[in-house]
Amino acid sequence: MADGVPDNVKRLIAEAIDSVPELEAVLLLREHSDRTWTAEQAGERLYVSKPVAAHVLSVLAERGFASESHGAYRYAPSSGDIALVVDQLATAYSRHLIEVTHLIHAKPSASVRRFAEAFRLRKDK
């Protein structure tokens, strides 16, 4: 299904992108890396409510895609590796939109992942 999507992009989606609004917000910030975005501005561009946009932007900052200053967010990948994979994600999304969105929608929800994590066996040190 996602044969046209590079493995590192699949990994990024699996590890750090939980929804299409998150994906589109990353790409919006990347495309307009010369400016900052408030939740209201991002929400208007992404067609989501201000609270949803605020949550998405906050999550992206926590995950190393953006920086935040006084309620405004800017594209600021925490490493060159993240920037490179986000560039590849942008290309993959433009060429393989359905495959990329299927990868996101096929992920278990965050609440299911947290529930499963609670039962994961951990090796004590």
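The values are calculated or read from the model by the stated rules, or taken from the named source; none is laboratory data. Just so it is clear, the model here is predicted, and its values are computed rather than measured. Methodologically, a virtual Cβ is constructed for each residue, glycine included, from the backbone with ideal geometry; neighbour enumeration extends over all protein chains shown. Just the protein is used for accessible areas: all its heavy atoms, side chains included, with ligands, DNA and RNA removed. Shrake-Rupley method; radii C 1.70, N 1.55, O 1.52, S 1.80 Å.
Of the solvent-accessible surface of segment 48-105, computed with a 1.4 Å probe over protein heavy atoms with every protein chain present, carbon and sulfur atoms account for 55 percent. Amide H to amide H, with H built 1.01 Å from N, Ile17 comes under 5 Å of no residue 5 or more places away or on another chain. Calculated FRET efficiency, Glu62 and Lys10, Cβ-Cβ r, R0 25 Å, to nearest 0.05? Plugging the Cβ-Cβ distance into 1/(1 + (r/R0)^6) gives 0.75.
Evaluate E = 1/(1 + (r/R0)^6) for Ser69 and Arg45, where r is the Cβ-Cβ distance and R0 equals 22 Å; express this FRET efficiency to the nearest 0.05.
On the way: r = 19 Å, r/R0 = 0.87.
The value I calculate is 0.70.
Take Arg11: with every protein chain present and a 1.4 Å probe, its accessible area is about 130 Å². In the context of the full protein assembly, Ser33 retains an accessible surface of approximately 60 Å², using a probe radius of 1.4 Å and ignoring ligands and nucleic acids. Taking amide hydrogens as placed 1.01 Å from N in the peptide plane, the amide H of Ala66 sits under 5 Å from those of Ala61, Ala76, each at least 5 positions away in sequence or on another chain. Taking the inverse of the mean 1/r over every pair of distinct Cα atoms in segment 1-104 gives a Kirkwood hydrodynamic radius of 13.5 Å.
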